[in-house]
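The structure appears right after this line, and notes come after that.
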Amino acid sequence: MPSRPLNLGIVGGGIGGLAAAVALRRIGAEVTVYEQATELREAGAGLMLWPNGSRVMRDWGLLEAVAAHGGRTSYFVLRSRTGSVLMKVPVDQFETPAFCLRRSDLLAVLMAELVGQKIRLGHQLAAMAQLPDRVQLRFETGAVAEHDAVIGADGIHSRVRAALNDHTAPVYHGYLIWRGVVAFDGGGVDPGWNCETWGRGQRFGLLNTGHGRYTWYATANLPANHPDGNGGRREELLSRFAGWHAPIATVLDRTPEQAILKNGAFDLPPLRRWGQGRITLLGDAAHPCTPNLGQGACMALEDAVTLARCVARTEPIAEALRRYESLRLARTRHIQQRSRLLGRIGQCHGDFWAAGRQTIAAWLPGAWLRPGLRRIYGFDAARLE
C-alpha cells in the first residue's frame with residue numbers, strides 16, 4: 001500500500017459493504033460506507049453462515065460473537081411432505097462450524113468492528129464520475145464525496161453497476177420465496193438439524209437461529225407479480241402447505257403477518273466484468289444468487305477478504321481491483337450456476353419429475369456429495385493465488 005492510507009468509499013451498508021469495510025480497515029485503509037437507508041433495521045429473516053463464511057469470521061476474531069447470536073448446524077436434512085427423511089447431509093466435518101443467525105445479528109457483529117468509523121446513512125447514490133486520480137460520488141441529498149477508489153456493494157439493483165454502463169437486468173426463475181423468523185421451541189426438529197421439505201413445485205425450510213428462534217422459508221412456482229391473497233400472506237401459506245408434516249403449520253401460524261417477507265427468485269447471469277478503473281463491485285452487486293445454496297453472505301465475506309488482500313499487495317489501486325476480480329470470477333460463477341440448478345431441481349412440479357427427484361435423493365449415499373461440499377464449504381478465501 002502507498003505511504004498515505006488509501007481513502008476508499010463503499011456504496012451499500014449491507015453485509016457485503018460492512019464486511020468490505022472491516023477487511024479494508026484491517027489493512028490500514030480509511031473507509032467511508034454510504035447507505036441509502038436512514039437507519040439500519042431488523043430485516044426479519046435469517047441466513048446461513050456455512051463453514052467457508054465462518055472461517056472468515058474466525059480469522060477476524062469474530063466467530064465467538066457469531067456463535068453467541070446463532071444456532072449451530074450439524075446436518076442439513078431433506079424431507080418429503082409427509083416428514084420422511086430423504087437425505088441427511090453432515091456439515092460439521094469442516095474446519096469451522098456452520099451457523100444460522102438473523103441477518104440483523106450478523107450486521108451487528110460487523111458494525112461492532114466499525115465503531116467510530118464513517119457510516120453515512122441516508123445517502124443514495126445519484127451519479128458517479130472517474131477523475132484522473134479519484135472517483136467522485138454525488139448523492140440524492142446533494143452531498144459530494146471523493147475517494148481514491150469506490151466499491152459498489154449496493155445489491156442486485158446496484159446503482160454503481162448501472163453507472164458503469166452495465167444495465168444487465170435481473171432474471172426471474174419462476175418462483176416466489178416467503179421468509180420469516182418465529183419464536184419456537186423446536187418441537188419436531190432434532191437438535192442440530194436444519195431441514196428443507198420438498199413437494200411438487202413447493203418447498204419449506206426451517207433453520208434454527210438459536211435463542212428459541214427459527215427462521216423459515218417457503219417457495220412456490222408463481223409469477224413474479226403474484227398478489228397476496230385476500231387473507232394475507234400467512235393465510236395463503238397455511239393453505240398452500242396444508243397437510244405437510246409438523247411443525248410447518250405451527251411455525252406459520254405463530255409468525256406475525258407483518259413479519260412475513262416475500263421476494264422473487266432473481267439472479268444475474270455471470271457478468272463479464274465487475275468494474276473499470278478505480279471502481280469495482282462486491283457481493284450481490286456483482287454476482288447475486290438465487291438462495292438455494294444459502295451462500296449470499298458467505299460470498300460477500302469471501303469477496304471482502306480477497307479484495308483487502310489484493311489492495312494490500314498490489315499497486316496501483318486499479319490493478320489491485322482487477323486482480324481481485326480475476327480471483328473471484330470463477331468461484332462466484334460456480335456458486336451462481338450451482339444455486340440455479342438446485343432451484344430447478346427443488347421446484348420440480350410434474351408428478352414424474354418430482355417423484356424421480358425424491359427417489360434419487362433417498363438413494364444417493366451421503367459420501368457421493370462430499371467432493372461437492374468440500375468445493376463449496378472447504379474454500380479458504382485467505383489463500384491468494
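The values are calculated or read from the model by the stated rules, or taken from the named source; none is laboratory data. Computed from a predicted structure; not experimentally measured. Neighbour counts are summed over all protein chains in view; Cβ atoms, including those assigned to glycine, are modelled from backbone coordinates with ideal geometry.
Taking the conditions exactly as written (within 17 Å of His173 (Cα to Cα) and either at pLDDT 95 or above or crowded, with 20+ Cβ neighbours inside 10 Å (or both)), does His287 satisfy them or not? It is true that His287 is within 17 Å of His173 (Cα to Cα) and either at pLDDT 95 or above or crowded, with 20+ Cβ neighbours inside 10 Å (or both). In the set (1) touching a Ser or Thr at 6+ places or on another chain (Cβ under 6 Å); (2) outside any helix (DSSP H, G or I); (3) over 24 Å from Ala163 (Cα atoms), Trp274 fails one condition alone, (3). Condition first: surrounded by 16 or more Cβ atoms within 10 Å (Cβ to Cβ) and at pLDDT below 95. Can you find one or more residues in the stretch 45-55 that meet it? Scanning the stretch 45-55, I find at least one residue that is surrounded by 16 or more Cβ atoms within 10 Å (Cβ to Cβ) and at pLDDT below 95, so the answer is yes. Taken together, the residues in the stretch 109-129 that are of a type in the set (A, V, I, L, M, F, W, C) and either surrounded by 15 or more Cβ atoms within 10 Å (Cβ to Cβ) or in a loop (DSSP other than H, G, I, E, B) (or both) amount to 9. Scanning the stretch 147-162 for residues that are in contact (Cβ under 8 Å) with a residue 40 or more places away in the chain and not in a strand (DSSP E or B) turns up Asp148, Ala153, Asp154, Gly155, Ile156, Ser158, Arg159, Val160, Arg161.
Okay, residues lined up against (1) surrounded by fewer than 23 Cβ atoms within 10 Å (Cβ to Cβ); (2) touching a residue at least 60 places away in the same chain (Cβ under 8 Å); (3) over 20 Å from Ala29 (Cα atoms); (4) touching a Gly at 6+ places or on another chain (Cβ under 9 Å):
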{"position": "Gly210", "(1), (2), (3), (4)": "yes, yes, yes, yes"}
{"position": "Ala220", "(1), (2), (3), (4)": "yes, no, yes, yes"}
{"position": "Asp228", "(1), (2), (3), (4)": "yes, no, yes, no"}
{"position": "Glu236", "(1), (2), (3), (4)": "yes, no, yes, yes"}
{"position": "Asn263", "(1), (2), (3), (4)": "yes, yes, yes, no"}
{"position": "Arg273", "(1), (2), (3), (4)": "yes, yes, yes, no"}
{"position": "Gln295", "(1), (2), (3), (4)": "no, yes, yes, yes"}
{"position": "Leu307", "(1), (2), (3), (4)": "no, yes, no, no"}
{"position": "Arg313", "(1), (2), (3), (4)": "yes, yes, no, no"}
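Looking only at the stretch 58-80, decide whether some residue is touching a Ser or Thr at 6+ places or on another chain (Cβ under 8 Å), surrounded by fewer than 22 Cβ atoms within 10 Å (Cβ to Cβ), free of Cβ contacts under 8 Å to residues at least 40 places away in the same chain and closer than 24 Å to Gly378 by Cβ. Yes, the conditions are met somewhere in the stretch 58-80.
Taking first residues from the stretch 195-206 that are within 19 Å of Pro223 (Cβ to Cβ) and partners that are among the aliphatic types (A, V, I, L, M) and in a strand (DSSP E or B), the Cβ contacts under 6 Å between residues at least 6 apart in sequence or on separate chains come to Gln202/Ala220.
In the stretch 85-102, of all residues being part of a loop (DSSP other than H, G, I, E, B) and touching a residue at least 12 places away in the same chain (Cβ under 8 Å), the one that is farthest from Gly294 (Cα to Cα) corresponds to Glu95. The single condition among (1) small (Gly, Ala, Ser); (2) touching a residue at least 60 places away in the same chain (Cβ under 8 Å); (3) over 24 Å from Ala21 (Cα atoms) that Gly356 does not meet is (2).
If you check Gly296 against the conditions, is it under 23 Å from the mean Cα position of the chain (by Cα) and within 27 Å of Ser104 (Cα to Cα)? Yes, satisfied. Each residue in the stretch 154-179 was checked for being farther than 27 Å from Trp216 by Cβ and within 17 Å of the chain's Cα centre (by Cα), and 2 of them qualify.
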